[in-house]
Amino acid sequence: MNKKILWLVLSVLMVLSLVMAACAPATAPTTPATTTSPTTPTVVTTPTAPVEEKPQQETLKPPAEAPKYGGTLTTLVSGDITRFDTIWGPPGASPVTLAVEPLWSGDWAKGPAGGYGTSETDWTLRGDDLFAFKTGYVAEATKWTIDESKAEGAITYQIRPGVRFALNPASEASRLVNGREVTADDVIAHLNRTITDTGAYFYKTNPELRTATLTKTGPREVTVKVRLDALVTAVSRFGDSTGIQPQEVIKKYGNMDNWKNAVGTGAFMPTDYVAGSQIVFTKNPNYWMKDPVGPGKGNQLPYLDSVRFLIVPDKSTQQAALRTGKLDTLFAGYGLNWEDAAQMRKTNPSLKEIEVPAQGGPTHIRIDKPPFNDVRVRRAMIMSIDLESIRKNLNGGLGQINTFPFNYTKAYAPLYVDPSSSEVPASVKELYVYNPEKAKQLLKEAGYPNGFKTSVLLTASQADYYSVYKDMWAKVGIELRLDIREAGAISAIVNKNEHESMTVSGWNPYGAFYTLPTFFGEGYPNVSNIHDPFIDKSMANVRKAANTDIVEAERLMRDLIMNYILDQVYAIPVPSAPTYSFWWPWVKNYSGEQFMGYINIRWSQWVWIDQEMKRKMGY
């Protein structure tokens with residue numbers, strides 16, 4: 001389809017969607033790399049989830065079906081990609097992760113893998129960073145050791161032979177690299193950029209890594225030495241939070257922010273980008289990875305010829321594009337709530353789906369400024385919100401009350417604190433019981449007998465939800481102004497630490513629980529400007545334990561959350577319902593995966609398109 005008319009087609013999809021919805025019946029609400037000193041993390045027994053969730057699909061092995069090569073997978077992003085250089089931020093949900101690869105990342109075979117994996121995780125959540133679920137990518141082996149006498153840790157990476165940078169003849173930057181093999185020197189140069197460039201994400205968020213030393217200790221071996229208290233952070237960050245890039249491109253162009261300069265070792269390479277329209281990634285013909293499980297075991301990856309991301313910011317248009325087969329997949333992250341999902345099932349019963357646990361972020365409060373620097377004010381704000389009423393009436397009775405800093409997830413169940421649990425101290429338990437009279441009393445004690453005025457920085461899509469907060473806070477004298485901005489504008493304000501009082505921006509990735517990034521550093525992700533000596537001291541013990549025993553680290557973290565962090569009310573919790581991902585049945589070898597490892601979306605290299613089925617279904 002001509003790119004210039006792409007939006008003309010998409011613009012009618014919302015109208016078509018509304019017509020189809022109107023015709024439907026009304027819906028009632030309804031193998032990690034080996035380690036030396038540390039042991040492989042013990043599998044944690046999962047406690048009962050806070051709420052009953054629907055069983056996920058595809059739990060049984062499907063009939064053996066040989067994968068077929070070819071075709072284009074079409075999905076979407078909600079906005080333009082502004083950065084293609086991976087050192088400026090974690091690749092996140094960006095399509096850039098299709099083109100660049102980290103040293104290690106999520107093991108496809110540890111998930112459903114089309115019915116042939118072990119299903120130890122479902123790869124639906126963005127922060128899954130358990131080392132037991134990792135496998136080697138650019139590094140074929142990773143190990144780390146501890147030297148207590150020197151208070152030092154060391155990580156050794158064996159760089160995988162045969163991993164080459166993609167060669168795109170149409171790209172000057174790619175031709176400069178000429179499809180050569182990745183070297184230990186590439187890895188050292190790239191990792192050094194992440195900790196020495198003052199604008200780099202690691203430099204800003206993990207200052208403890210700035211003193212790391214990187215050395216070539218063998219022809220294909222890189223050794224990283226760090227302070228012992230920074231070891232677990234280094235294992236996570238250097239391993240799975242940045243994609244390796246070639247030295248010569250950086251030397252010539254300074255960075256890789258221009259998509260045409262984005263050269264990596266991934267299964268796909270960027271070949272077209274039209275702002276506001278689409279991003280296209282084309283198959284890397286020299287990709288190194290083979291399919292690990294299922295009928296296609298041993299096949300060269302990827303199966304797809306290309307992956308196309310339409311840039312569609314409007315929620316209704318996104319859903320219309322899926323309904324009409326213009327999209328092959330639509331992820332939970334794009335606003336498919338329980339009401340959207342119910343309607344989608346009515347209009348398109350052929351679609352497959354998976355339920356994704358609630359991931360709503362909290363309302364962050366600037367505790368460095370009055371009135372929020374008084375914990376009594378923060379406690380009053382929670383007590384004056386009827387959280388359970390919101391869960392029942394706005395969320396259809398689904399989901400959980402998210403206790404900051406962690407939601408409930410299966411992989412990290414020990415970190416979630418259910419506020420109704422008998423283990424929870426009385427001072428914490430009372431926070432989650434609607435009590436406007438106690439809230440008024442606390443405000444009076446804090447010197448605000450008549451309440452105060454404040455504001456929250458948020459997007460238009462969040463306004464309805466926070467209108468409920470506004471009404472509830474008004475009953476105790478707190479006058480809330482909704483400061484509605486575009487998501488990009490909010491990010492810019494928060495990153496500069498210029499938000500006035502509260503914001504919905506920011507979240508704490510449970511995969512990095514041992515670093516607790518929303519509690520440290522300046523600016524994002526420490527949106528609340530938390531600087532707490534007790535937390536600093538406690539987290540040193542958590543990080544030390546995480547070097548060798550993730551289970552013990554989780555226990556220490558849970559104790560800290562339950563007995564101290566929740567009492568301090570560093571953020572306002574949100575009742576969050578599950579969201580839903582949908583995809584068409586012609587997307588094969590797929591079970592709803594979104595993020596492979598720590599915020600990486602490279603699952604598309606394992607899936608294939610049944611083009612004959614798609615034609616027979618009329619698309």
Problem set entry | Spin-label pair Glu445/Arg164, simplified geometry with 7 Å Cα→Cβ offset, distance in nm | 7.0 nm
For this session: Arrange the peptides 153-160, 610-617 so that the one whose residues have, on average, the most other Cβ atoms within 10 Å appears first.
Result: 153-160, 610-617
Problem set entry | Cα-based shape type of the range 380-430, given that a ≥ b ≥ c are square roots of the gyration tensor eigenvalues and the cut on a/c is 1.5 | oblate
For this session: Please give, to one decimal in nm, the separation of the simple spin-label points placed at Asn495 and Asn393, each 7 Å out from Cα toward the Cβ.
Result: 3.9 nm
Seminar exercise, completed: Checking rank on 576-583, 362-369, with mean other Cβ inside 10 Å and highest first, the result is 576-583, 362-369
For this session: Could you point to the residue in Asn529, Val569, Leu556 farthest towards the positive end of the range 462-619's charge dipole, with +1 and -1 charges on the Cβ of Lys/Arg and Asp/Glu respectively?
Result: Leu556
Problem set entry | FRET efficiency estimate (nearest 0.05) - Cβ-Cβ, Val551 to Asp464, R0 45 angstrom | 0.65
Exercise. Along the charge dipole of the range 92-177, which of Tyr157, Asn168, Trp104 sits closest to the positive end, that is, farthest toward it, with unit charges on the beta carbon of Lys, Arg, Asp and Glu (+1, +1, -1, -1)?
Worked result: Asn168
Exercise. Is there a pair in Lys283/Lys616; Lys470/Lys537; Lys352/Lys470; Lys297/Lys614; Lys297/Lys544 whose C-alpha atoms are over 30 Å apart, and which pairs would that be?
Worked result: Lys470/Lys537; Lys352/Lys470; Lys297/Lys544
Exercise. Under a plain spin-label model, where a point goes 7 Å from the Cα along Cα-to-Cβ, how far apart in nm are Glu430 and Asn258?
Worked result: 6.3 nm
Exercise. Among Phe165, Phe513, Phe534, Phe520, what is the fewest-to-most ranking by other Cβ atoms within 10 Å?
Worked result: Phe534, Phe520, Phe513, Phe165
Seminar exercise, completed: The lysines whose Cα lies under 21 Å from the Cα of Lys290, excluding any fewer than 8 residues away in the same chain, are Lys61, Lys68, Lys110, Lys134, Lys588
Problem set entry | Set of lysines with alpha-carbon distance to Lys204 below 20 Å, sequence-local pairs under 8 removed | Lys225, Lys496
Exercise. Shape of the chain from its Cα gyration tensor (a ≥ b ≥ c, root eigenvalues): rounded if a/c is under 1.5, otherwise prolate when a/b > b/c, or oblate?
Worked result: oblate
Problem set entry | FRET E, pair Tyr619, Ser316, Förster distance 22 Å, beta-carbon r, rounded to 0.05 | 0.65
Problem set entry | Cβ charges +1 (Lys, Arg) and -1 (Asp, Glu), total dipole of the chain, debye | 1060 debye
Exercise. With a 10 Å Cβ neighbour count serving as the proxy for reagent exposure, in which order, fewest first, do Val551, Val263, Val424 appear?
Worked result: Val551, Val424, Val263
Problem set entry | Selection from Thr403, Val542, Leu516 lying farthest towards where the dipole of the range 363-576 points positive, charges on Cβ | Thr403
For this session: Mind running the shape call on the range 516-574? Use the C-alpha gyration tensor, a ≥ b ≥ c as the square roots of the eigenvalues: rounded below 1.5 for a/c, prolate if a/b tops b/c, oblate otherwise.
Result: prolate
Problem set entry | Taking Trp123, Trp586, Trp144 and counting other C-beta atoms within 10 Å, the order from fewest to most | Trp586, Trp144, Trp123
Exercise. Summing -39500 (n - 2.57) over the DSSP H runs of n ≥ 4 in the chain and dividing by its residue number, what mean residue ellipticity at 222 nm do you reach, to the nearest 500 deg cm²/dmol?
Worked result: -7500 deg cm²/dmol
Seminar exercise, completed: With +1 at each Lys and Arg Cβ and -1 at each Asp and Glu Cβ, the charge dipole magnitude of the range 363-576 around its Cα centre, to the nearest 20 debye, comes out at 220 debye
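No lab work stands behind these numbers, since they all come straight from the coordinates. The model shown is predicted, which means the values in this text are computed figures rather than measured ones. Using ideal geometry, Cβ is built from the backbone for each residue, glycine included, and neighbour counts are taken over all protein chains shown.
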